[in-house]
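> One structure, pasted below without further comment.
The values are calculated or read from the model by the stated rules, or taken from the named source; none is laboratory data. Model, not experiment: these values are computed from the prediction. Quick reminder, even Gly has a Cβ in these numbers, built from the backbone with ideal geometry, and neighbours come from all protein chains shown. Protein only, heavy atoms only, side chains kept; ligands, DNA and RNA dropped before computing areas. Shrake-Rupley method; radii C 1.70, N 1.55, O 1.52, S 1.80 Å.
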Amino acid sequence: MLTAAQLLQMSITLILSVVVFMIAYSLKPTVSATLLIILIPFQIIETKYGSANVALTFAIIIAWAIKGVGIRLPMLPQILGVLFAYLITLSMVYPPTMSQHIVYIISLISAVMVFWIVYDLTMRVERLQDIVNVFLIMNICVIIYSVIQLIAGPGERVVLFGIEELHMMRVRADRRLTGPFGAAGIAAEYTAIVLMLILYQLISTKKFWMQIGLVLLGATNLLLLITTGNRGGFLVLIGGGMMFLWMFRSVIGPVRSIGIAAAAVTILTITSIVAINLTEFDLLFERLAETEIE
């Protein structure tokens with residue numbers, strides 16, 4: 001039996017699925033695929049049967065199938081092999097937990113569909129830069145979500161529209177930012193990857209206003225990385241940044257490389273001061289100081 005709260009969650013998920021289905025059926029595949037990609041980090045609603053994003057993914061695929069959209073399916077044999085192996089393992093599952101494992105299978109299939117949708121979108125766009133722009137828009141949404149968590153403070157839950165069942169991810173009480181991912185480590189890994197993408201865009205674009213925007217976007221992501229308190233993500237960013245400059249040294253040039261490194265150190269210093277003095281999420285450097293190498 002579903003409780004009143006679970007019934008409300010399922011009802012909202014159904015409404016969202018119908019809306020996304022109509023969008024996917026009525027508009028170009030690139031529109032619905034872009035919408036889904038932007039929503040990937042955000043588990044809008046957690047129902048008894050998984051995230052609402054799973055339902056939205058199936059809604060898009062079903063709409064495309066009815067509409068006759070020819071979606072590309074890379075690695076189909078390998079993926080079917082993995083799914084077949086997973087189904088075989090169900091014979092060893094404790095019977096009372098079978099319904100839970102079925103939910104896992106549905107979520108796994110949904111994840112594969114997201115992979116196919118993203119791949120298909122890269123084949124449909126005229127410029128790969130358009131895909132990069134989609135991920136930058138996603139990043140702006142992640143930043144907005146994370147800033148709200150920073151303002152709310154450690155241990156707080158932000159309820160949407162006064163409905164308890166509709167809430168943002170609870171902020172960890174140990175002063176480590178998680179963003180929409182629910183885990184500080186995943187949030188740090190995400191921001192580290194995005195910072196590499198932003199750095200690549202920065203050296204590729206010639207437009208001054210675009211460079212300024214990318215610098216501000218990178219600085220904000222660096223601030224969020226610091227507030228996660230994740231040492232691994234921070235050290236990977238430092239090492240990855242140095243490797244990036246080395247790999248692109250022939251494109252950037254030695255003078256520009258030194259300038260980028262100096263600017264990165266300056267931005268790191270400023271964002272660290274902001275994180276330590278203006279937020280409660282200031283554990284990174286304490287944890288780095290406590291780190292012992294054996």
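> Using the alpha-carbon atoms, what tilt in degrees (0 to 90, nearest 10) does helix 208-228 show relative to the longest principal axis of the chain?
That helix lies at roughly 80 degrees to the long axis.
> Hey, what number do you get for the chain at 222 nm if only DSSP H runs of n ≥ 4 count, each worth -39500 (n - 2.57), divided across all residues, to the nearest 500?
Dividing the helical sum by the residues of the chain leaves -24000 deg cm²/dmol.
> While we're on this one: For q values of 0.14, 0.19, 0.32 Å⁻¹, compute log₁₀ I(q)/I(0) with the Debye formula on a Cα-only model of region 93-137, without solvent.
Treating every Cα as an identical point scatterer, log10 I(q)/I(0) equals -0.51, -0.66, -1.03.
> Something else: Using a 1.4 angstrom probe on the protein heavy atoms only, line up 176, 231 by accessible area, largest first.
These residues rank, largest area first, as 231, 176.
> What distance in nm lies between label points placed 7 Å from Cα along the C-beta direction at residue 133 and residue 249?
It works out to 3.5 nm between the two label points.
> Is the shape of region 1-109 rounded, prolate or oblate, going by the alpha carbon gyration tensor and its root eigenvalues a ≥ b ≥ c, with a/c under 1.5 for rounded and a/b larger than b/c for prolate?
oblate
> Beyond 16 Å, what percent of the Cα pairs of region 130-248 remain?
62 percent
> While we're looking at this one, here's another question. In degrees from 0 to 90, rounded to the nearest 10, what is the angle of the helix 76-89 Cα long axis to the longest principal axis of the chain?
Once rounded, the angle reads 70 degrees.
> Got a number for carbon plus sulfur as a percent of the chain's accessible area, 1.4 Å probe?
After summing per-atom areas, the C and S share lands at 72 percent.
> Additional query: With the contact rule set at Cα under 8 Å and sequence spacing of 6 or more, what percent relative contact order holds for the chain?
So the answer I get is 15 percent.
> How tilted is helix 184-204 with respect to the longest principal axis of the chain? Cα atoms for both, answer in degrees (0 to 90, nearest 10).
Between the helix axis and the principal axis of the chain, the angle is about 60 degrees.
> For region 256-267, just list the computed ³J(HN,Hα) in residue order, Karplus coefficients 6.51, -1.76 and 1.60, θ = phi - 60°, integers in Hz, with x standing in for Gly and Pro.
5, 4, 5, x, 5, 4, 5, 5, 5, 5, 5, 5
> Which whole-Hz couplings ³J(HN,Hα) result when phi for each residue of region 10-15 is put into the Karplus expression 6.51 cos²θ - 1.76 cosθ + 1.60, θ = phi - 60°, listed in order with x for Gly and Pro?
Residue by residue, region 10-15 yields 5, 5, 5, 4, 5, 4 Hz.
> Moving on. Over the chain, with the other protein chains present, what is the accessible area per residue in square angstrom, probe 1.4 angstrom?
That works out to 57 Å² for each residue.
> Along its principal axes, what span do the Cα atoms of region 188-294 show, with the longest given first and each in whole Å?
Computed over the Cα atoms, the extents are 40, 33, 22 Å.
> Need one value: the accessible area of residue 127 in square angstrom, 1.4 angstrom probe, rounded to the nearest 10.
That residue has around 130 Å² of solvent-accessible surface.
> Could you pull the accessible area for residue 292 with a 1.4 Å probe, rounded to 10 Å²?
Counting only protein heavy atoms, residue 292 exposes about 150 Å² to solvent.
> Taking Rh as the Kirkwood radius computed over C-alpha pairs, what is the Stokes-Einstein D of region 15-70 at 25 °C in a medium of viscosity 0.890 mPa s, expressed in µm² per second?
217 µm²/s
> How large is log10 of I(q)/I(0) for the chain at q = 0.09 Å⁻¹ when the intensity is taken from the Debye formula with one equal scatterer per alpha-carbon?
-0.55
> Residue separation times 0.36 nm, minus the C-alpha to C-alpha distance between residue 106 and residue 242: what's the value?
Working it through step by step, the gained length comes to 44.9 nm.
> Would you please calculate the Kirkwood hydrodynamic radius of region 176-223 over all C-alpha pairs and express it in Å, rounded to one decimal?
Every distinct Cα pair counted, the radius reaches 11.4 Å.
> Which of the chymotrypsin sites (Phe, Trp or Tyr not before Pro) found in region 105-204 are in a DSSP loop and have at most 11 neighbouring Cβ atoms, other than their own, within 10 Å?
Passing both the DSSP loop test and the Cβ count: 161.
> I would also like to ask the following. Using the Cα centre of the chain as the reference point, and only Cβ charges (+1 on K/R, -1 on D/E), how large is the resulting charge dipole? Debye, rounded to the nearest 20.
840 debye
> Considering only protein heavy atoms, with the full assembly of protein chains and a 1.4 angstrom probe, order 90, 76 by accessible area, largest first.
Greatest to least solvent exposure: 76, 90.
> May I pose another question? Convex hull volume of the Cα atoms in region 71-195, per residue, in Å³?
For region 71-195, the hull spanned by Cα atoms encloses 175 Å³ per residue.
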